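S.K.: The structure under discussion is supplied below as structure tokens; questions concerning it will follow.
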Amino acid sequence: MNLDKREGAAVEVPAATPKVLFVDDEANILSAIRRVFRTCHYDIATAGSGAEALAYLGSHPVDVIVSDMRMPEQSGAELLGIVKERWPETMRIILTGYADVNDTISAINRGEIYRYMLKPWKDDEFLAVIRDAVGVKALKDERTRLEQLVRKQNRELEQKVKERTADLQKAMTMLSSAHDSLKKSFVTSIKMFTSLIEMRGGTMAGHSRRVGDLAKQIAKAMGVSDMEAQEVMVAGLLHDIGKLVLPDRLVETPYVQLTPADRIEFEKHAMNGQAALMAVEQLQRPGTIIRQHHERYDGKGYPDGLALEQITLGARILAVANDFDALQIGTLEEHPQQREDAIRNIVNQSGKRYDPKVVDAFRQIVGSTEAAPPADEIAMKSNELKPGMILARDLSTKDGMLLLAKDYALDERLIEQIFSFERSARAPLPIYIYKSE
């Protein structure tokens, strides 16, 4: 086994470093691959045959395996088929020549190949394919972690319910209180995760929470149930999760300026977003909304070309809320639009891009929303805060990072932390408090 720790002396690689295994029976090919990846932050290993690769996989976790198609004794298709069965979480890539088209198709069908690369390769393309595979693997790992966390929380909740069945009346009272608390905690956790997405910066800062808030308002104006409105809001908060694996240039470039090839890559984010949430039962319905929020009412959207009521109501609502904010921050059209121009753009696309009923509800919301806060809340400075006051809106930085969730009750410790944050940031925070009776 030729284990490559970059060229030269072996170095200790941190546990978090992605591991990539390259398999080829030609030493010069492996040497060329090492040169391509010598400056990358990957833990590179190489094997000269399928048998060596399987032996290595038996004792080392590998994130990505890249195998040559034509090798003696065992082909790349056979090797990756075995990898799929034994280590299904490992991303599988085939390296093949132009003459191996039929064998490549067989490998894709047998081993569920993530991508294939042609020899001779282009270095930039090779680097990009590996980077994307590592990103998808990280996303799958995070999905597994979240699934395990939800199962653990469910087990803990079930245990608590069992412990309280002795006193039925008390259990019913506590169950009602626990439901409200869990609901609030769930939304707060989603908002905190949204903050991590938005910390990528650029135009994404604050976008998801603005979209989630507007989508929930539109849903309520259309008379949907509280649960459906909540699902639409959660979908709005997480609708850009699939963009985490995209390069910055695709995220920051307005959609209308993307090349056809870039659009194909960019448009995968809706499906990737649904895939990231699929393992969490509470997020499966929001995941469907996320997949469909770029569909159009006239059937000309993506990824599935749905039309009219084939598109879930939540997705039709999210499409309007998302595009309204995207028009204003400049990620949809070539230049950012003023609020009134963005409203006019949405209204003009009623019956084409958007559901007319959703547009009508949207017009009610944006027509009644002014710069002044609603009647039941008041804007305050941090030096005016007092213990016992309750936040009427999420408390966030200008970059979109969530500090405290809506409905949080302030105490002396939290007020001092708000003072401290403002001093460090050298800028006031937008604070809104419920008016006291």
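The values are calculated or read from the model by the stated rules, or taken from the named source; none is laboratory data. Only a predicted model underlies this, so the values are computations on that prediction, with no experimental measurement involved. Reconstructed Cβ throughout: ideal geometry from the backbone, glycine too, with neighbour counts over all protein chains shown. Calculation scope for accessible area: heavy atoms of the full protein, side chains included, ligands and nucleic acids excluded. Shrake-Rupley method; radii C 1.70, N 1.55, O 1.52, S 1.80 Å.
S.K.: Quick check: from the Cα gyration tensor, does region 270-345 come out rounded (a/c under 1.5), prolate or oblate?
M.R.: Working: a/c = 2.31, a/b = 1.69, b/c = 1.37.
Prolate, because a/c is 1.5 or more and a/b exceeds b/c.
S.K.: For region 302-368, which GluC sites (Glu not before Pro) are both in a DSSP coil and crowded by at most 11 other Cβ atoms within 10 Å? Working shown, then result.
M.R.: Working: sites: E309, E333, E334, E340; in loops: E333, E334.
When the GluC sites (Glu not before Pro) of region 302-368 are filtered for loop state and at most 11 Cβ neighbours within 10 Å, E334 remain.
S.K.: Compute the FRET efficiency between E265 and K140 as 1/(1 + (r/R0)^6), taking r as their Cβ-Cβ distance and R0 = 22 Å, and round to the nearest 0.05. Don't jump to the answer; show the numbers that get you there.
M.R.: Details: r = 19 Å, r/R0 = 0.85.
The calculated FRET efficiency here is 0.75.
S.K.: Label-point separation (nm) for A51 and W121, each offset 7 Å from Cα along Cα-to-Cβ?
M.R.: Label-label distance for A51 and W121, simple model: 2.6 nm.
S.K.: While we're looking at this one, here's another question. Just list whichever of K220/K352; K137/K216; K216/K435 have alpha carbons separated by over 30 Å in the model shown.
M.R.: K137/K216
S.K.: Considering amide H positions built from the backbone, and no H for Pro or chain starts, which residues 5 or more places from M389, or on another chain, come under 5 Å of its amide H?
M.R.: L410
S.K.: Here is a further query. Probe 1.4 Å, all protein chains in place: accessible area of R363 in Å², nearest 10?
M.R.: 130 Å²
S.K.: Moving to a separate point now. Taking Cα pairs under 8 Å and at least six residues apart, what relative contact order does region 219-378 come out at, in percent?
M.R.: Working: 206 pairs, mean separation 34.4, N = 160.
For region 219-378, the relative contact order is 22 percent.
S.K.: For the pairs K140/K160; K386/K406; K152/K406, note any where the Cα-Cα span goes beyond 23 Å. Each step should come with its number before you reach the end.
M.R.: Numbers: K140/K160 30 Å; K386/K406 16 Å; K152/K406 26 Å.
As for pairs spanning more than 23 Å Cα to Cα, those are K140/K160; K152/K406.
S.K.: While we're looking at this one, here's another question. For K122, which aspartates and glutamates qualify as cross-link partners when the Cα separation must be under 19 Å and same-chain residues fewer than eight apart are set aside?
M.R.: D24, E26, D68, D100, D132, D262, E265
S.K.: Counting other Cβ atoms within 10 Å, keep those with at most 13, restrict to DSSP loop, and tell me which GluC sites (Glu not before Pro) in region 25-76 are left. Spell out each step's value before the answer.
M.R.: Numbers: sites: E26, E52, E73; in loops: E26, E73.
Here the sparse-neighbourhood loop sites are E26, E73.
S.K.: Rounding to the nearest 20 debye, state how big the charge dipole of region 246-317 is about its Cα centre with +1 on each Lys and Arg Cβ and -1 on each Asp and Glu Cβ.
M.R.: Working: 8 positive and 10 negative charges, 20 e Å.
It works out to roughly 100 debye.
S.K.: Shifting gears a bit: Checking the a/c ratio against 1.5 first, then a/b against b/c, what shape does the Cα gyration tensor give for region 29-93?
M.R.: On the way: a/c = 1.90, a/b = 1.28, b/c = 1.48.
Since a/c reaches 1.5 but b/c is at least a/b, the shape of region 29-93 is classed as oblate.
S.K.: Whose amide H sits under 5 Å from the amide H of L403, counting only residues 5 or more places off or on another chain, with H placed in the peptide plane?
M.R.: Under 5 Å from the amide H of L403 lie the amide H atoms of L395, S396, T397, each far enough along the sequence or on another chain.
S.K.: How large is the charge dipole for region 242-368, taken about the Cα centre, if only the Cβ atoms of Lys, Arg (+1) and Asp, Glu (-1) carry charge, to the nearest 20 debye? Walk me through the intermediate numbers first.
M.R.: Details: 15 positive and 18 negative charges, 49 e Å.
Computed charge dipole of region 242-368: roughly 240 debye.
S.K.: Which loop trypsin sites (Lys or Arg not before Pro) in region 256-320, with loop taken from DSSP, have no more than 12 other Cβ atoms within 10 angstrom of their Cβ? Could you put the intermediate results ahead of the total?
M.R.: Working: sites: R263, K268, R291, R296, K300, R316; in loops: K268, R296, K300.
When the trypsin sites (Lys or Arg not before Pro) of region 256-320 are filtered for loop state and at most 12 Cβ neighbours within 10 Å, K300 remain.
S.K.: Taking the Cα-to-Cβ direction at R38 and at A427 and moving 7 Å from each Cα, how far apart do the two end points lie in nm?
M.R.: Output for this residue pair reads 4.4 nm.
S.K.: Moving on to the next point. Just check region 208-315 against the gyration tensor rule for me: Cα atoms, a ≥ b ≥ c as the square roots of the eigenvalues, rounded for a/c under 1.5, and otherwise prolate or oblate depending on whether a/b exceeds b/c.
M.R.: Numbers: a/c = 1.77, a/b = 1.50, b/c = 1.18.
It comes out prolate by the Cα gyration axes.
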